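So the structure is just underneath, and the comments pick up after that.
The values are calculated or read from the model by the stated rules, or taken from the named source; none is laboratory data. Every value quoted in this text rests on a predicted model; they were computed, and no experiment measured them. We place every Cβ from the backbone using ideal geometry, glycine too, and count neighbours over all the protein chains shown.
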Amino acid sequence: MVVFPGSNCDADAAWAWERATGGAAELVWHERDELGGADVVVLPGGFAHGDYLRCGALCRFSPVMAAVRAAAAAGRAVLGICNGFQILCEAGLLPGALARNQDMRFHCHDVHVRVERVDTAWTLACAAGQVLRLPIAHGEGRFHLPSADLASLLAAGGAVFRYCDAGGRRRAESNPNGSLDDIAGIASPGGNVVGLMPHPERAAEALLGGEDGVVILRSALRWAMAREGDARG
């Protein structure tokens, strides 16, 4: 769990990971230049560097990002949640940008998202078309790409999660921020790097409102275990 100045979901993400998978989580300060051989990397939500300049813009210069890029290039599972999604885009690990919500308001409530792909590091344990109820908390979550780039992303299957209603139907009122094509999360071409605006780590305990986020975290564990099995031959 990479921690930047202003991160505020790092402990939540670590707790949710350990509860969902039984695996150990380590908090890694952004000034470190290595990840200690981690198989799974999470960039949690918050307000990294106070969101100065642009959300996530300053993080691309943190020493740890070289290690995150290396992990992504090696096929390890990398997830950016909310502010972490913004960081991945600013660092060039994912395309696009997250702009101000269309209504210029901060949104903090549950949404429904539909799983569009089940072959990424963060959806392997999901079912195709599965609808998840997850919390959001952002003021700049409107996914944007120029038209030609968006067409390329969609053609490559880059849209992993889309906003929808509880029945899985895409409706204008179910899109909380005006994201293009109702996109709530995208993946890299290899499927190992994913960014999404909703918070799966805040949906990992029934007593706290729901457990739909657990399947996302367990997907990464499955991805890492499959990679380890392939390495052993």
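Of everything in the range 183-224 that is part of a helix (DSSP H, G or I) and in contact with a Cys (Cβ under 7 Å, 6 or more places away or on another chain), the residue that is farthest from L134 (Cα to Cα) is S219.
For (1) closer than 26 Å to L53 by Cα; (2) of a type outside the set (G, A, S); (3) surrounded by fewer than 22 Cβ atoms within 10 Å (Cβ to Cβ), each residue gets a yes or a no:
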position: N83; (1), (2), (3): yes, yes, no
position: D103; (1), (2), (3): yes, yes, yes
position: F106; (1), (2), (3): yes, yes, yes
position: L134; (1), (2), (3): no, yes, no
position: S147; (1), (2), (3): yes, no, yes
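Does the range 46-65 include one or more residues that are modelled with pLDDT under 95, farther than 20 Å from N101 by Cβ and among the acidic types (D, E)? Within the range 46-65, not a single residue is modelled with pLDDT under 95, farther than 20 Å from N101 by Cβ and among the acidic types (D, E). Against the list (1) assigned to a loop (DSSP other than H, G, I, E, B); (2) small (G, A, S); (3) out of contact with any Asp or Glu (no Cβ under 8 Å at 6 or more places or on another chain); (4) at negative phi, the condition A70 fails is (1).
Candidates D119, D103: the one that is farther than 17 Å from L79 by Cα and among the acidic types (D, E) is D103. Scanning the range 45-67 for residues that are of a type in the set (A, V, I, L, M), assigned to a helix (DSSP H, G or I) and within 19 Å of L196 (Cα to Cα) yields A48, M65. Of all residues in the range 210-233, those that are over 15 Å from V113 (Cβ atoms) and small (G, A, S) have Cβ atoms under 8 Å from Cβ atoms of residues that are at pLDDT 95 or above and in a helix (DSSP H, G or I), 6 or more apart or on another chain, in A220/T21.
Every condition in (1) surrounded by fewer than 22 Cβ atoms within 10 Å (Cβ to Cβ); (2) at pLDDT below 95; (3) over 22 Å from A204 (Cα atoms); (4) under 18 Å from the mean Cα position of the chain (by Cα) is met by G75 except one, and the failing one is (2). Taking the range 41-71 as the range and being out of contact with any Gly (no Cβ under 8 Å at 6 or more places or on another chain) and among the aliphatic types (A, V, I, L, M) as the test, the residues that pass are V41, L53, A57, L58, V64, M65, A66, A67, V68, A70, A71.
Selection of the range 2-25 for residues being part of a loop (DSSP other than H, G, I, E, B), at negative phi and within 18 Å of the chain's Cα centre (by Cα) yields F4, N8, C9, A25.
Of all residues in the range 132-158, those that are in contact (Cβ under 8 Å) with a residue 40 or more places away in the chain have Cβ atoms under 6 Å from Cβ atoms of residues that are part of a strand (DSSP E or B) and surrounded by fewer than 19 Cβ atoms within 10 Å (Cβ to Cβ), 6 or more apart or on another chain, in R133/D110; R133/G210; P135/D110; I136/H107; A137/C108; R142/A99; H144/A97; H144/A99.
A count restricted to the range 92-137 and to residues that are within 17 Å of L154 (Cα to Cα), part of a strand (DSSP E or B) and of a type outside the set (A, V, I, L, M) stands at 1. Hey, can you tell me all the residues within the range 157-177 that are in a loop (DSSP other than H, G, I, E, B) and over 18 Å from the mean Cα position of the chain (by Cα)? Those that are in a loop (DSSP other than H, G, I, E, B) and over 18 Å from the mean Cα position of the chain (by Cα): D165, A166, G167, G168, R169, R170, R171.
Only residues that are part of a loop (DSSP other than H, G, I, E, B) and touching a residue at least 24 places away in the same chain (Cβ under 8 Å) were counted in the range 27-44, giving 10.
Could you list all residues from the range 47-70 that are under 18 Å from the mean Cα position of the chain (by Cα), farther than 18 Å from A220 by Cα and crowded, with 21+ Cβ neighbours inside 10 Å? Result: A48, C55, G56, C59, V64, M65.
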